[in-house]
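Report on one structure; see the data block that follows.
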Amino acid sequence: GDKAGKLWVSTFHSSCCRILRRDIEKLGMSNNFTIYDDENQMSILKDILKQLNLSDKTYPPREIKAKIGDAKMNMLTPDEYFAQSDKDFRMQKIVEVYRLYEERLKHNNALDFDDLLVKTLALLETNPDILEKYRGKFRYVLVDEYQDTNMPQYRFVELLCREHGNICVVGDD
């Protein structure tokens, strides 16, 4: 019936994108943001490496992209990521690239795939009214393939279900 039209059946990233399109202004961005794919990300990283006069042989863009993704999946800002590292010269440069990458995304009103999760968490954690709106909307939550859930996805579900506890998860051993 009509209630089925109100259901959201989607991936984490898709749900987060819908939420951000509606409410990202609270984070200082426009809701017409662009989502950068791998090619866009690599282009930005290569530009930043040139800007900093860093060799892409010594600092391969794919490696830096992976390290930035790892930092985001652990919900670490550039400074937090550096604090947890060996704090060597190479890591200083990688963190500098990460910082400039984030600035470039913000300047371009863009998000990368990892930001869809991280920015949604920031939105919900800093805006109790928006969190309550989505807690009310998602009274029952089902997560499939739960064994593949990462920390931001777990925190997203935990935030939504904390009050009502109506959650069912399905996963492999």
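The values are calculated or read from the model by the stated rules, or taken from the named source; none is laboratory data. What you are looking at is a predicted structure, and each value in this text was computed from that prediction instead of being measured. When we count neighbours, we look across all protein chains shown, and the Cβ atoms used for this are built from the backbone with ideal geometry, even at glycine.
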> Has the range 147-162 got any residue that is more than 26 Å from residue 70 (Cα to Cα), outside any loop (DSSP other than H, G, I, E, B) and either more than 18 Å from the chain's Cα centre (by Cα) or modelled with pLDDT of 90 or more (or both)?
Replying inline: no
> Out of (1) surrounded by fewer than 12 Cβ atoms within 10 Å (Cβ to Cβ); (2) assigned to a helix (DSSP H, G or I); (3) of a type outside the set (Gly, Ala, Ser), what's the single condition that is false for residue 168?
Replying inline: (2)
> Residues of the range 150-160 being touching a strand residue (DSSP E or B) at 6+ places or on another chain (Cβ under 9 Å) and touching a residue at least 24 places away in the same chain (Cβ under 8 Å), which ones?
Replying inline: 153, 160
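So in the range 119-146, with the set limited to residues that are in a strand (DSSP E or B) and touching a helix residue (DSSP H, G or I) at 6+ places or on another chain (Cβ under 7 Å), which one is surrounded by the most Cβ atoms within 10 Å (Cβ to Cβ)? Before you say what the answer is, go through the steps one by one.
Restricting attention to the range 119-146, the residues satisfying the condition of being in a strand (DSSP E or B) are 141-143.
Narrowing further to those that are touching a helix residue (DSSP H, G or I) at 6+ places or on another chain (Cβ under 7 Å): 141, 143.
Working: 141: 16, 143: 18.
Ranking the candidates gives 143 first.
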>> Taking the criterion of being among the hydroxyl-bearing types (Ser, Thr, Tyr), farther than 20 Å from residue 25 by Cβ and at pLDDT 95 or above, would at least one residue in the range 121-135 satisfy it?
In response: no
